[in-house]
1. Can you list, by residue number, the Cys in the chain that have no neighbouring cysteine C-beta under 4.7 Å?
2. Non-local amide H neighbours of GLY69 (under 5 Å, H modeled in plane, Pro and chain starts lacking H): which ones?
3. In deg cm²/dmol, rounded to 500, what helix-only [θ] at 222 nm does the chain give when every DSSP H run of at least 4 residues adds -39500 (n - 2.57) and the total is split over its residues?
4. Match the structure shown to one of the listed values [x] 1.01; [y] 1.07; [z] 0.93 of Rg/Rh (Cα atoms, Kirkwood Rh), computed from it, and give that label.
5. Can you tell which of GLY61, GLY22, GLY125 shows the greatest fluctuation in a Gaussian network model of the chain with Cα springs below 10 Å?
6. With a sphere of radius 11 Å drawn around the Cβ of LEU18, what net charge do the other residues whose Cβ falls strictly inside it have (Lys, Arg +1; Asp, Glu -1)?
7. Rank LEU50, GLN116, TYR17 by how far each Cα sits towards the positive end of the charge dipole of the stretch 6-131 (+1 on Lys, Arg Cβ; -1 on Asp, Glu Cβ) and give me just the farthest.
8. Give me the net charge of ILE81's neighbourhood, meaning all other residues with Cβ under 11 Å from the Cβ of ILE81; Lys, Arg count +1, Asp, Glu -1.
Amino acid sequence: MIQVTKAGEYGLRALAYLVNQGPGVKVSIAEISQARQIPEPYLRKLLKPLIQKGILVSIRGVAGGVMVGRPLEEITFLEVIEALEGPINLNTCLVHNETCQFIGDCGMHPVWIEAQEAMFKILGGKTLNALLDTH
C-alpha cells in the first residue's frame with residue numbers, strides 16, 4: 001500500500017490548525033496537540049523538520065509556540081510531506097535505476113514515471129491555502 005505515514009498526516013493536521021488561526025498567530029504546541037489529538041511529545045519531534053525548513057517559526061520561552069513561517073501560497077503539500085518523510089517515490093527504480101535488473105525491458109518503468117510526475121504535480125500544486133476553512 002502506498003500512503004502518507006502518520007508523520008505526514010499529523011504534520012498536515014497540525015498545519016491545518018495553525019493556518020486557520022490566522023496569519024502571524026503563534027500557537028503553543030500543547031494547544032495544537034490537544035486540538036488535533038496528536039501526542040505532544042511526538043508533535044514536538046515532528047515539528048522540528050518543519051522549523052528547520054522554514055515552514056514554521058518557533059518562538060521560545062514561557063509564552064512561546066509556533067507559527068507559519070512563510071506565506072501560505074509559498075508552501076506546498078509536497079514540501080511539507082518531504083520535510084517530514086524525506087523524498088517520496090512510488091518505486092525504488094525511480095531513485096536507483098542501476099539496482100533494477102529489469103530497467104531495460106520493463107514496461108512498468110514509464111508508468112511509474114508518469115504516475116510519480118502526476119503525484120508531484122498535484123502535491124506540488126496545492127499550497128497551505130487549501131487548508132483554510134471555507135465555511
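Values in this text are rule-based calculations from the coordinates and carry no lab data. All of these numbers come straight from a predicted model, not from anything done at the bench. Heads up, the Cβs are rebuilt from the backbone with ideal geometry, glycines too, and the neighbour counts pull from every protein chain shown.
1. Lacking a cysteine Cβ partner under 4.7 Å: CYS106.
2. Under 5 Å from the amide H of GLY69: LEU56, VAL57.
3. -14500 deg cm²/dmol
4. [y]
5. Comparing GLY61, GLY22, GLY125 in a Gaussian network model of the chain, the most mobile one is GLY61.
6. So the surrounding residues net to +2.
7. TYR17
8. -3
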